[in-house]
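What follows is one structure encoded as structure tokens, with my remarks underneath.
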Amino acid sequence: MRQEKRSHLSGDRRLMLWGYGLWLISLLLLEFRMHSHAFFPWDGWRGFSAAFGLVTVVSLALIARFLLRPLVMRDEEYYDR
Amino acid sequence: MIASIVLPPALILVAGALLTTLFQGRALRIAALAAPLVGLLLLWAAPEGNFGQVSFLGLNLLTTRIDALSRIFGYVFYLACLLGVLFSFHHKERSHYAVGLLYAGAAQGVTFAGDLITLFVFWETLTLAATFLIAARRTRRSREAAVRYMLVHVAGGLCLLSGILLHRSAGGDLALGPLQLDAPGAVLIFLGFGLNCAWPLLHAWLVDAYPESTVAGAVFLSVFTTKSAVYVLARCFAGIEELVWIGALMAAFPVLYALIENDLRRVLCYSLISQVGYMVVAIGIGSDMAINGAVCHAFAHILYKSLLFMVLGAVVFRTGTSNASQLGGLYRSMPGTVICCLVGSASISAFPLFSGFVTKSIIMDAVTHSHRPLVWLVLTAASVGTFFYAGVKIPYRIFFGAEAKVQIREAPPHMLLAMAATAFLCVLLGLRPQLLFGIMPYPAVYELYTPAHVLSKLQLLCFAGLGFWLLCRWRIYPFEKAATNLDVDWFYRRGGLMLYRGVDRLFNGLNAHCERFFITRMTALSARFFEEPGGNVQIGCLRILNRLMGFQDLSPGTKQRIRQRSRLGTYPVGVGVLLAVIFLAATSLLYFIA
């Protein structure tokens, strides 16, 4: 019974992921129908915002986890000692 | 006639604060709600102009200056106060409402002050009221945080006061208006404002103190101190280039801290600094569009940040914790709170149709038109980070993510009502930005919902969402741990303690040495010396003489004899003659020299 419930949920999850994937692809494709003013050099690059969002979020997480955290993280009672 | 009916907004809220001390129960809550409501209506009806001029110590002070800039801040401060009071309805004690209204009243005092002296009085009232709000949680940590908050802000207030006095003594005008950073007075005023604005390196008080307050106290605190500082910066230092870089740094660095922080109320505090960074950048640019952007962003930010603090407050109220590692899966227990949280998260992440999209877009357009590509990139990266920690992390770690660890009830009705009203305003401003455009300092209409702009924003955020999913899949995220993350406050919390210990060791060590030397050793030595002073002087002189001439030191027997002679007064005649000759030789020498 429990197994069934889990597989049902994972099926929903898979569907959501496929839906999200399709949404992302449609966002990329829609850009071919858009024309905007170019203020900065990258304004003409197709998919710049998508790539910027993806790369930035991964970079921020990596910097936060592997650079900042070892540098500043101390135990919870640090200031109480 | 008109001047007689325009009451200073600060006075209305302070009177409300006094009034709340007379009531209890339902009357207390109604009185607390009535004060900001009446104030809001009066401000809406009030014309522009200068009111409430007071002469004090030969100075002409202006307590109420109503113009487009002060009016929009006045509106949002009243709104935030109203929603904060509604959210506080579980508080039975009068002091909470009184201090909350006093705090909001002080912020209104700063907003409508027409001169630097009035501004300073309300500036310090803000500090005082905020200190009580922080300490109101009545835990050891909150009391300590309140004391630290007060010390930091008193230092900032003194910096501001010194600046005002220097500015005045250099012949400057006390009227609150544009200042240039060309004199020490203006620089000190700039720094005084910067401390309340939580500039980088001056920001740690915010993250240290706000999470330690009560759940309703945090809603008040998130609104007034920083945004009144944004207001005075916009009033006095618009177009100062330094602010662009201060703001960019301010928007960027808290993002990394917010990502690793486990306490979600602290995450909101870092987020607050980051969002204020956008406003500071816009003030630094100083164009009409940028100032409109800064002011509108302050308006929207006050609402969505209050909403997120309310959501966290409701969660803390029910679960007793705001630690991400102890939360998760609450979406079934708190469905109303989840919806409000998602609205707040969408607003702060600047999703189209929510308030943040409108106001952040104005700022980004102003940055674009001022041709600052690096600042644009920094702010865009910060907005991606904002989406990560506020748009995804907060709802994910509280309501989804893990299985529920505790069974709890939905937030109380008054909290839900306050959250729903705030969420409604966030959506309303996103759908009808014209409402904001109508009260901006510089009249304008911006076309923000262009297909290209909306698509670019959606790509940015949705692909950031893909990044989040990948990070979870690669097991890089979540990485928050129950820990203390060191920040600039280390310098006065640990550094101050080390300084205290160092000074303690130095001066108390010196004190102990002095006591040993003067009280113990010198007393013993002088007792021994004065036991036989004549003999001891002779022994001392002879020892020095012997050492200089290279002779052997005096034998114990000789010392004994000298002491005995001295005690009995039996010196040989030769010694007396020798002393007389030395005395005569010395006087002859002195005579010839003179």
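Among residues other than residue B:215 with Cβ under 12 Å from its Cβ, the summed charge is +2 (Lys and Arg +1, Asp and Glu -1). Among the trypsin sites (Lys or Arg not before Pro) in the range B:144-237, none is located in a DSSP loop while being surrounded by at most 16 other Cβ atoms within 10 Å of its own Cβ.
Which GluC sites (Glu not before Pro) from the range B:79-180 combine a DSSP loop assignment with at most 16 other Cβ atoms within 10 Å? Could you put the intermediate results ahead of the total?
Working: sites: B:93, B:124, B:144; in loops: B:93.
Counting only loop positions with at most 16 other Cβ atoms within 10 Å, the GluC sites (Glu not before Pro) in the range B:79-180 are B:93.
Positive contributions from Lys and Arg (+1) and negative ones from Asp and Glu (-1), summed over other residues with Cβ under 14 Å from the Cβ of residue B:383, come out at +1.
Here's how it looks for residue B:440: its modeled amide H is under 5 Å from none belonging to a residue 5 or more places away or on a different chain. Residues whose amide H comes within less than 5 Å of that of residue B:323, counting only those at least five positions distant or on another chain, are B:264 (H built at 1.01 Å from N in the peptide plane).
Here the Karplus curve 6.51 cos²θ - 1.76 cosθ + 1.60, taken at θ = phi - 60°, turns the phi angles of the range B:403-408 into couplings of 5, 4, 8, 9, 9, 9 Hz, with x standing for Gly and Pro.
Put simply, the amide H of residue B:60, placed in the peptide plane, has no neighbours under 5 Å, leaving out anything fewer than 5 places away on its chain. Taken over the Cα atoms of the range B:135-225, the convex hull encloses 99 Å³ per residue.
Add +1 for every Lys or Arg and -1 for every Asp or Glu among the other residues with Cβ under 10 Å from the Cβ of residue B:203, and state the total.
On the way: positive: none; negative: B:208, B:487, B:489.
Net of charged neighbours comes to -3.
Normalised size of the range B:1-91, defined as Cα radius of gyration per 2.2 N^0.38 Å with N residues, equals 1.20.
Of all the C-alpha pairs in the range B:387-528, what % are more than 27 Å from each other? That tail contains 64 percent of the Cα-Cα pairs. 3J(HN,Hα) along the range A:63-73, derived from phi through the Karplus expression 6.51 cos²θ - 1.76 cosθ + 1.60 where θ = phi - 60°, amounts to 5, 4, 6, 9, 10, 6, 4, x, 6, 10, 7 Hz, with x in place of Gly and Pro.
Computed over all pairs of different Cα atoms, the Kirkwood value for the hydrodynamic radius of the range B:290-373 is 14.2 Å.
Nothing charged except the Cβ atoms of Lys and Arg (+1) and of Asp and Glu (-1): what's the magnitude of the dipole of the protein assembly as shown about its Cα centre? Round to the nearest 20 debye. It would help to have the intermediate numbers written out before the result.
Details: 56 positive and 35 negative charges, 509 e Å.
For the protein assembly as shown, the charge dipole is close to 2440 debye.
Where the accessible area of the protein assembly as shown is counted over protein heavy atoms with a 1.4 Å probe, how much of it, in %, is carbon and sulfur?
On the way: 21320 of 31790 Å².
Looking at the protein assembly as shown in its full context, I get 67 percent from C and S.
The base-10 log of I(q)/I(0) for the protein assembly as shown, evaluated at q = 0.09, 0.10 Å⁻¹, reads -0.76, -0.92 [Debye formula, identical scatterers on Cα atoms, solvent excluded]. Rounded to the nearest whole Hz, the Karplus-based 3J(HN,Hα) values (6.51 cos²θ - 1.76 cosθ + 1.60, θ = phi - 60°) of the range A:48-54 follow the sequence 4, 4, 4, 5, 4, x, 5, with x at glycine and proline. For the pair A and B, the buried accessible area comes to roughly 4400 Å² in total, with a 1.4 Å probe and the value rounded to the nearest 100. Measuring how big the range B:449-594 is from its alpha-carbon positions, Rg and Dmax come out at 41.0, 122 Å.
Using the heavy atoms of the protein chains alone and a 1.4 angstrom probe, what is the accessible area of the range B:114-190 per residue in square angstrom?
On the way: 3570 Å² over 77 residues.
Here the per-residue accessible area is 46 Å².
Computed from the alpha carbon atoms alone, the convex hull of chain B holds 292 Å³ per residue. How big is Rg to Rh over the range B:305-421, alpha-carbon atoms, Rh as the Kirkwood inverse-mean-distance radius? Dividing the radius of gyration by the Kirkwood radius yields 1.07.
Once you divide the Cα radius of gyration of chain A by 2.2 N^0.38 Å, the number left is 1.81.
About the centre of its Cα atoms, chain B shows a dipole size close to 2340 debye [charges on the beta carbon of Lys, Arg (+1) and Asp, Glu (-1) only; nearest 20 debye].
The values are calculated or read from the model by the stated rules, or taken from the named source; none is laboratory data. Since this is a predicted model, take the numbers as computed values, not measurements. No Cβ is skipped: glycine too gets one built from the backbone with ideal geometry, and neighbour counts run over all protein chains shown. Calculation scope for accessible area: heavy atoms of the full protein, side chains included, ligands and nucleic acids excluded. Shrake-Rupley method; radii C 1.70, N 1.55, O 1.52, S 1.80 Å.
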